[in-house]
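Written out below as C-alpha cells is the structure these notes cover.
The values are calculated or read from the model by the stated rules, or taken from the named source; none is laboratory data. What you see is a predicted model; the values in this text were computed from it and never measured. Methodologically, a virtual Cβ is constructed for each residue, glycine included, from the backbone with ideal geometry; neighbour enumeration extends over all protein chains shown.
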Amino acid sequence: MSPYRIGGGIAALVLAVLLVVVTVQWLRYSDLVWPTVSIGPTTQPSGSSATVGQSTASEPSVTDVLAERTRLQADEANRKPSGENENFVFQRGVSNGDSIAREWLQQAAEQHELLTPPRDVSGLSSLPYRNADRLEQPEGRDWRSEHNSPVRFGGSWLIFGISLALALFLFARGRIQIVEGRSGETVPRFNAIERANHWMTASAFIIMGLTGLVILYGKPLLLPLIGEHGLGRVAWWSAWLHMSAAVPFVLGILVMAVLWLRENLITRLDLEWLRRFGGFLNDDPHKPSADRFNAGQKLVFWGVFLGGLAALASGLALMFPFHWLGYHGMQWAQLMHAIVGLLMVALIIGHIYIGTVGMEGAVDAMWSGRVDRNWAKEHHDRWYARIINEWPRRPSRPATPAE
Amino acid sequence: MARMKFLCDADRCIECNACSVACKNEHQVPWGIVRRRVVTINDGQPGEKSVSIACMHCNDAPCAAVCPVSCIYQTDIGVVLHNKDTCIGCGYCFYACPFGAPQFPRTSNFGTRGKMDKCTYCAGGPEVTHSDAERSKYGQNRIAEGKLPICAEMCSTRSLLAGDGEIIAQIYKERVARRGYGEGAPGWSTAYADKRNVRS
C-alpha cells in the first residue's frame, strides 16, 4: 500500500469523526441567549460586615430598588424614592442563566393581552439618518437563525464532507500516476504572467478564506481557546485582511478571465470527460480527450470566476451597508456571501487536492510552468498535439542562444 | 429576579423627542448616533401614532446570537450590553436587530463603520462601574445607582415606561382599563415572546 493511500485512510478516519461531531453538535444545537453577567450589591469583605453586626439582609436588593423605582411611574404616583444613589456592581457569571432565559420567555408569553403580532413597521422620523424610520423588523430573528444554524453547520458539513470524499478517494485509488511514467522531457504549459496571476489570486483567496472562516466559526472554535479579547483582536484583523485581500483577488479573477476565459468555454468534449470522470478511476493511459483545460479545470475556473463575482457583489453590499440595499437586502447579501464563500472554499479544497497530492505531475504546471510530456499527453491530448505542432521538438532545458 | 423592559404607550407619546435628547445629553452620545428615537406611524393620517424606540433588550437577543466575536452579552436583569473593545464593526447585529438599535459611527472601514453603539439601558458597559472608561464609551451607569433609564424617568406624559417588566405591564394595563383603549405594547411580541428559535 502506497503512503498516499495510508495517508488518505488516516485522513478519512479523522474527517469521519469530525463529521460525526459536527452532526451531533447540530442536532443538539440551541443558541438561546442567556444572561452571563449579574448585578448585585457591592461585595463587602465578609469579615468587616460581621463586626458591625449589620445583617446583609437589610441591604436593599437590586430587584427591590428597581421595582420601587418602576412603581413611581404609575399615574397616581407622586412620591419620592425611599433612597437614592445606591451602589450596585456588575459581575461576570450567572449560575442558572439558561433557566432564567427560559423563564423570561415564559413570562412574556403570559402577557398575551399586550402582545401584538410581529410585523414590519416603518414610519416617519424627524432624524436624517438611514433606517431611523424603521420601528420593527421581526425578520432579523429569521436571519439570525438561518445564519447561525443552516449556514454555519451546513458549511462545516460541506467542508468536512468534501474533504472526507477526497480522503476516501485517495484511500481507494491512491495517487493518480502518470501511467507511462515521467518522460523526463517537459513542455511549457503556463507562462510567467499566468503563474504570477494564479498565485496572487490563490494567496488572496487563502487569506480571504481563512479570515472569513474566523468570522463565521471564530465564536464556536476560537473563543474557548483565545478568549473574548483574543478573538476580538483576531477578528478585527481578519475583517481588515478580508477586505484588503479582496482587491488582489478581484484583480486576479479579472486577469484570469482575460487569459483563460476563451479556453474555458464549454465544449462537447467536457461531457465525455465528466461522464468518464476524467479517466481518474483507473490507470488506462487513454483518458478522455481534453484541450488545454479539461472539464474539471473548467469547473474550477467558472466556480472561481462566477463565485468571485457573486462574492464581490455581496461583499461590496456588506462593505457599504444600506447604500443600495434595505434590511432584507442586507440579510440576503450576508447569507449569499457566506454561502458563496463556503462553496468556493469547498471547490478550492478539491482544486488544491488534485493539483498537489491527488495527481502526479500536476503541480509542475503552476509551479515551474512546464509539464512532463507524458502527463500532457495523458490529460490534455488535444492541447499537447496542438503545441507539439506549434513548437516542434522544443527541448526541456532552456536552449542556448547559439543553438 | 426582576426583568427590565421598555414599554412605550403609543396613545400617550406626543413625539416631543425629549427621550432622545435626554439620552444624548446624559451619555454624551457622539454626533450622528441616536440611541433612542421616535418613529411616527401613519403621519398626518387618521390613527397617527408615535412610538419611542431604542434597544428593547430582547429575550434570546438575536444581536448577541449573531455577533461573531461574542461582544454582546446579557445581564441577569435582562439588560443587553456590549463590549466596544472587542467589537469589530461588522454590522451583523444591525441586520439581526428587530428594532434598528445598533448604531455605527462612520469612522472606519471605507467611512462606514466603527465600534457599535446602542442603548445600554443606562447600565454602562463591561468597564469598572462609574469609571471614566465606562463613561466615555458607554455613558452613565444609572442602574448601578439604583435608577432607571433617563428617557423613561423624565418622559413628560409617562408614555415611555421602564423597569420591572411585570410592573410596567401592570401599570399599562390599569391605564388601559381606566381610559378604555390601548394598542398593546409595541414590539413586545418580537422582543420578548418570540420562541421561534428556541428548542427546549
Problem - segment A:71-108, subset small (Gly, Ala, Ser) and surrounded by 15 or more Cβ atoms within 10 Å (Cβ to Cβ), residue farthest from the chain's Cα centre (by Cα) - result: A:Ala74
Fill in the blank from the handout: Of those in segment B:24-40 that are surrounded by 14 or more Cβ atoms within 10 Å (Cβ to Cβ) and free of Cβ contacts under 8 Å to residues at least 24 places away in the same chain, the residue nearest to the chain's Cα centre (by Cα) is B:Arg37
Practice task
Could you check B:Leu148 against (1) over 20 Å from B:Phe99 (Cα atoms); (2) assigned to a helix (DSSP H, G or I); (3) facing chain A (nearest Cβ under 8 Å) and say which number it fails?
Solution key: (2)
Practice task
Kindly indicate the residue of segment A:115-141 that is crowded, with 17+ Cβ neighbours inside 10 Å and charged (D, E, K, R) and also farthest from the other protein chains (Cβ to nearest Cβ) among those meeting that condition.
Solution key: A:Glu139
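Residue-wise test of (1) in contact with a Phe, Trp or Tyr (Cβ under 8 Å, 6 or more places away or on another chain); (2) more than 28 Å from A:Thr211 (Cβ to Cβ); (3) assigned to a loop (DSSP other than H, G, I, E, B); (4) at pLDDT 90 or above.
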| position | (1), (2), (3), (4) |
| --- | --- |
| A:Leu281 | no, yes, yes, no |
| A:Leu316 | no, no, no, yes |
| A:Gly329 | no, no, no, yes |
| A:Met344 | yes, no, no, yes |
Practice task
Could you tell me which numbered condition A:Leu261 fails, if it satisfies all but one of (1) more than 22 Å from A:Arg382 (Cα to Cα); (2) touching a residue at least 24 places away in the same chain (Cβ under 8 Å)?
Solution key: (1)
Completion exercise
Those residues of segment A:279-334 that are of a type in the set (A, V, I, L, M, F, W, C) and more than 23 Å from A:Ile352 (Cα to Cα) come to a total of 12
Completion exercise
When restricted to A:Phe169, A:Phe160, the only residue buried (at least 18 other Cβ atoms within 10 Å of the Cβ) and out of contact with any Leu (no Cβ under 7 Å at 6 or more places or on another chain) is A:Phe169
Fill in the blank from the handout: Filtering segment B:27-73 for residues that are under 28 Å from A:Thr63 (Cα atoms), at the interface with chain A (Cβ under 7 Å from one of its Cβ atoms) and in contact with a Gly (Cβ under 8 Å, 6 or more places away or on another chain) leaves a count of 5
Problem - Condition broken by A:His147, with the remaining ones in (1) within 14 Å of another protein chain (Cβ to nearest Cβ); (2) surrounded by fewer than 17 Cβ atoms within 10 Å (Cβ to Cβ) satisfied - result: (2)
Exercise for the section: Check segment B:107-114 and report whether any residue there is under 22 Å from B:Ile72 (Cα atoms), in a helix (DSSP H, G or I) and either touching a Pro at 6+ places or on another chain (Cβ under 9 Å) or at pLDDT 90 or above (or both). Expected result: no
Exercise for the section: Scan segment A:193-202 and give yes if some residue there is in contact with a strand residue (DSSP E or B) (Cβ under 9 Å, 6 or more places away or on another chain) and either more than 22 Å from A:Leu312 (Cβ to Cβ) or in a loop (DSSP other than H, G, I, E, B) (or both), otherwise no. Expected result: no
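Okay, residues lined up against (1) within 14 Å of chain B (Cβ to nearest Cβ); (2) among the hydroxyl-bearing types (Ser, Thr, Tyr); (3) surrounded by fewer than 16 Cβ atoms within 10 Å (Cβ to Cβ); (4) on the phi < 0 side of the Ramachandran plot:
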{"site": "A:Gly209", "(1), (2), (3), (4)": "no, no, no, yes"}
{"site": "A:Val214", "(1), (2), (3), (4)": "yes, no, no, yes"}
{"site": "A:Glu228", "(1), (2), (3), (4)": "yes, no, no, yes"}
{"site": "A:Pro248", "(1), (2), (3), (4)": "no, no, no, yes"}
{"site": "A:Ala257", "(1), (2), (3), (4)": "no, no, no, yes"}
{"site": "A:Ile266", "(1), (2), (3), (4)": "no, no, yes, yes"}
{"site": "A:Trp273", "(1), (2), (3), (4)": "no, no, no, yes"}
{"site": "A:Asp284", "(1), (2), (3), (4)": "no, no, yes, yes"}
Exercise for the section: Would you be able to say whether some residue in segment A:150-159 is touching a strand residue (DSSP E or B) at 6+ places or on another chain (Cβ under 6 Å) and of a type in the set (Lys, Arg)? Expected result: no
Problem - Count of residues meeting criterion [within 16 Å of B:Gly146 (Cβ to Cβ), at the interface with chain B (Cβ under 10 Å from one of its Cβ atoms) and modelled with pLDDT under 80] in segment A:27-80 - result: 2
Fill in the blank from the handout: When segment B:159-174 is checked residue by residue, the ones that are facing chain A (nearest Cβ under 8 Å) and surrounded by fewer than 18 Cβ atoms within 10 Å (Cβ to Cβ) are B:Glu166, B:Lys173, B:Glu174
Handout entry: Boolean, A:Val258 is of a type in the set (Val, Ile, Thr), closer than 30 Å to A:Gln334 by Cα and in contact with a Gly (Cβ under 8 Å, 6 or more places away or on another chain)
Key = no
Exercise for the section: Can you confirm whether segment B:154-163 contains a residue that is β-branched (Val, Ile, Thr), touching a strand residue (DSSP E or B) at 6+ places or on another chain (Cβ under 8 Å) and modelled with pLDDT under 95? Expected result: no
Fill in the blank from the handout: Taking first residues from segment A:148-172 that are of a type outside the set (Ser, Thr, Tyr) and second residues anywhere that are not in a helix (DSSP H, G or I), the pairs with Cβ under 8 Å that are 6 or more apart or on different chains are A:Asn148/A:Asp31; A:Phe153/A:Tyr29; A:Leu166/A:Gly358; A:Phe169/A:Gly358; A:Leu170/A:Val357; A:Leu170/A:Gly358
Fill in the blank from the handout: The residue from A:Leu259, A:Leu254, A:Leu231 that alone is among the aliphatic types (A, V, I, L, M), under 30 Å from A:Ile176 (Cα atoms), in the same structural domain as A:Ala338 (by TED's automatic domain parsing) and in a helix (DSSP H, G or I) is A:Leu259
Handout entry: Top-ranked residue of segment B:175-188 - restricted to ones that are touching a helix residue (DSSP H, G or I) at 6+ places or on another chain (Cβ under 9 Å) and free of Cβ contacts under 8 Å to residues at least 24 places away in the same chain, ranked as nearest to the other protein chains (Cβ to nearest Cβ)
Key = B:Gly184
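The rows are residues; the columns are (1) without any contact (Cβ under 8 Å) to a residue 60 or more places away in the chain; (2) in a loop (DSSP other than H, G, I, E, B); (3) touching a Ser or Thr at 6+ places or on another chain (Cβ under 8 Å); (4) among the aromatic types (Phe, Trp, Tyr).
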{"residue": "B:Ala2", "(1), (2), (3), (4)": "no, yes, yes, no"}
{"residue": "B:Leu7", "(1), (2), (3), (4)": "no, no, no, no"}
{"residue": "B:Arg12", "(1), (2), (3), (4)": "no, yes, yes, no"}
{"residue": "B:Cys16", "(1), (2), (3), (4)": "no, yes, yes, no"}
{"residue": "B:Ala22", "(1), (2), (3), (4)": "no, no, no, no"}
{"residue": "B:Pro46", "(1), (2), (3), (4)": "yes, yes, no, no"}
